[in-house]
Amino acid sequence: MVAKAENLVVERELSRLRLRNPKLTPEEFDEIARAMRRVVATLLHTPTVRMKEFAVDPGGDRYAAALHALFDLDPAAVTALTQTPEDLSDEPDDVSIHGEPGA
């Protein structure tokens with residue numbers, strides 16, 4: 001699961017993709033959407049895990065504040081962002097991002 005700000009970026013890009021590529025099938029679009037979400041989650045995984053680890057250390061709040069300032073990461077969303085890419089690959093492939101059964 002990706003935090004709110006990161007999810008908005010992905011959704012905007014997916015909207016642009018759909019407009020630029022109207023011939024994509026729903027299955028193709030859903031596969032691209034899953035891949036984009038996995039990439040974002042993978043990129044954010046290490047910084048958010050470190051934020052969680054450093055939060056218990058003296059001065060850890062400064063690290064969390066720096067990540068928040070640099071990446072607009074919400075420290076309260078760390079738990080959702082600490083899923084590994086392997087966790088995300090467990091999403092069912094038979095459900096589209098539209099909540100409809102896929103192929």
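The values are calculated or read from the model by the stated rules, or taken from the named source; none is laboratory data. Just so it is clear, the model here is predicted, and its values are computed rather than measured. Cβ sites come from the backbone with ideal geometry, for glycine too, and all protein chains shown count toward neighbours.
The requirement of being surrounded by 13 or more Cβ atoms within 10 Å (Cβ to Cβ) and either assigned to a helix (DSSP H, G or I) or at pLDDT 80 or above (or both) is satisfied by residue 24. I'm trying to understand the selection: among the residues of segment 1-48, which are in contact (Cβ under 8 Å) with a residue 24 or more places away in the chain, acidic (Asp, Glu) and under 30 Å from residue 63 (Cβ atoms)? Result: 6, single match.
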